[in-house]
Amino acid sequence: MAGKREVNKNQNRQTILNAAMNQFKMRGFAHTSVADITNNSNLGVGTFYNYFNSKEEVLMSIVKELFTEVEERVDLMAQKNSSSLELLEFCAMSTARLIDENRFILPLLASAVKHSDKPEQLPKNLSPDFKRIFEEIIERGQNLGEIRQDISVDLISEMFHSIYQAAAFSKLPIPFQENIRLKVKILLDGIKKYNS
């Protein structure tokens, strides 16, 4: 059982992350300072620096938590003996839901690159590592004979990755998640291996 001190540390860290998310949503990354985050969290600046070195590090922690949430959902689905195509659809829709519920995150990542005081603390690829999850599922599907092998894993993965951007800028009068669902269905039909 975690001691009171450990519980306190976890609560402080989560309080800082929640305050940062609120400030990033309201002000944007460029206009949010560490002081804004600490004022919103009712914790001192010193406490902030006990957990994070910069607002860039806070942003990357938020992104990592969101990514981990999707990864855990996909792992649970994989344990249900789902086909690779079912896993791909589930992963795509879980990611779509996460993006839709956290619309502020994508513009923040772009803004962080432009306005960071500490660019060295940002990874070279700022987008969450969803591409890796898709690649693993696609490779599994090809090995099991569920997904066509005449199309490279990288190409299929890139196509999944690009669906989110296409849906985000779509002018079609349908909600974001429905847009993703329809695009994913077309993509899955195209990569499914049919027995001849």
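Counting only protein chain heavy atoms and rolling a 1.4 Å probe, the accessible areas of K64, K192, K4 rank, largest first, as K4, K64, K192. With 20 Å as the limit, write out which pairs from K80/K131; K171/K192; K131/K185; K80/K183 have Cα-Cα distances beyond it, or answer none. Those over the limit are K80/K131; K171/K192; K80/K183. Put V70, V7 in order of accessible area, highest first, and with a 1.4 Å probe you get V7, V70.
The gain in end-to-end length when the T47 to K64 segment is fully stretched comes to 4.0 nm, 0.36 nm per residue minus the alpha carbon separation. Quick note on the stretch 38-92: its Rg to Rh ratio, both from C-alpha atoms and Rh being the Kirkwood radius, is 1.27.
Test of understanding: express the Cα radius of gyration of the stretch 150-196 as a ratio to 2.2 N^0.38 Å, with N the residue count.
Relative to the 2.2 N^0.38 Å estimate, the stretch 150-196 comes out at 1.28.
Relative to the current alpha-carbon distance between A35 and D75, full extension at 0.36 nm per residue lengthens the span by 10.6 nm.
The values are calculated or read from the model by the stated rules, or taken from the named source; none is laboratory data. The structure presented is a predicted model; accordingly, all values stated were derived computationally and were not measured. Please note that ligands, DNA and RNA were not included when accessible areas were found on the heavy atoms of the full protein model with its side chains. Shrake-Rupley method; radii C 1.70, N 1.55, O 1.52, S 1.80 Å.
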